[in-house]
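Colleague: Structure incoming, see below.
None of the figures in this text is laboratory data; all of them are computed from the coordinates on show. Nothing here was measured: the structure is a model prediction, and the numbers come from that model. Please note: Cβ atoms are built from the backbone with ideal geometry, for glycine as well, and neighbour counts cover all protein chains shown.
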Amino acid sequence: MKNGKNGFTLVEMLVCIAIIAALGVTIGLNATKVLNDTQNNDYEEIFGDLFDAAKIFVELSSSEPYCGTMSTSQNGTCNVKLEYLVQKGLVDKEIYKQNNPMRKNEKFLDGDIIVITKTNGKKSASYSVSECTNDVSGCSGINYVNDSNIKDYKCWGGCN
């Protein structure tokens with residue numbers, strides 16, 4: 001204010017607006033990052049649970065025709081369908097209502113497969129989407145997630 005007049009000058013108003021705008025952009029960007037991180041954590045949890053269930057399934061299936069003797073041998077591979085996990089009660093059937101984080105606008109399907117690989121007695125799990133054209137920036141050709149890259153996976157929702 002100058003010369004005892006009431007009110008603010010144009011410069012004072014513009015400075016206040018610029019400060020408020022800068023704060024708004026900063027808060028907005030941080031809120032978006034927090035929401036994306038939360039969503040990624042949800043995806044990690046979904047697949048972590050599926051991987052754990054598939055590993056348990058392999059251990060329980062030694063006498064059934066699903067994986068043969070993989071549970072007792074040191075090495076092998078077993079393709080575990082999602083429907084097997086639901087049938088055995090290892091995964092809730094509500095999974096079919098959830099969007100599959102690997103695919104755009106698609107739900108989980110009975111035929112979705114988790115591959116369990118056992119090497120020297122240690123099991124690892126992976127999930128891939130066949131015929132995937134991943135359109136997430138930096139993810140071209142990446143169509144799988146596994147239990148070793150799940151924490152750093154950045155290509156969620158890219159498969160068409």
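Colleague: What is the extension gain from residue 106 to residue 19, computed as 0.36 nm multiplied by their sequence separation minus the C-alpha to C-alpha distance, in nm to one decimal?
Modeller: Extra length from residue 106 to residue 19 when fully extended: 27.1 nm.
Colleague: Could you compute the net charge surrounding residue 116? Neighbours are other residues with a C-beta less than 12 Å from the C-beta of residue 116; K and R count +1, D and E count -1.
Modeller: For residues surrounding residue 116, the net value is +2.
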